[in-house]
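Q: Below you will find the structure I want to go over with you.
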Amino acid sequence: MWVDPSTGVVLKTGLTAADPVVRATVTVTFRREDGLDVWVPDQMTEYYKAAHSVDEIFATAVYTGYRRVP
């Protein structure tokens, strides 16, 4: 977890998990959404690799369009 030490704001999180069959890494970055005055997820990247395979999976999600729900 990456935290701004002066504000306590979470800037990025990361998770890596593995077992004998598969390895997975997920990373989320955060940004300030000025219109809402909050920090929100900006992008999530994922990586998966099976132990006995040459195949790898890469995925990226980008988050936009945040709005306040009444």
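Q: Val22's amide H: which non-local residues (gap 5+, or another chain) put their own amide H closer than 5 Å, with H modeled 1.01 Å from N in plane and none for Pro or chain starts?
A: The list, which skips near neighbours in sequence, is Ala51.
Q: Also, I was wondering about something else. Looking at segment 31-70, which chymotrypsin sites (Phe, Trp or Tyr not before Pro) are DSSP coil and have at most 16 other C-beta atoms within 10 Å of their C-beta?
A: Tyr63, Tyr66
Q: Shifting gears a bit: I need the calculated FRET efficiency for the pair Asp55 and Ala17, taking r as the beta carbon distance and R₀ as 22 Å, to the nearest 0.05.
A: Between Asp55 and Ala17 the formula returns 0.75.
Q: Ok, one more. Consider just the alpha-carbon atoms of the chain and return their Rg together with their Dmax, both in angstrom.
A: Radius of gyration, then largest Cα-Cα span, for the chain: 15.7, 50 Å.
Q: I need to check one value: relative contact order of segment 15-65, counting alpha carbon pairs closer than 8 Å and at least 6 residues apart, in percent.
A: Reported as a whole number, the value is 30 percent.
Throughout, read-outs are computed from the coordinates displayed, never taken from laboratory work. Source: prediction; values computed, not measured. FYI the Cβ positions are ideal-geometry reconstructions off the backbone, even for glycines, and counts take in every protein chain you see.
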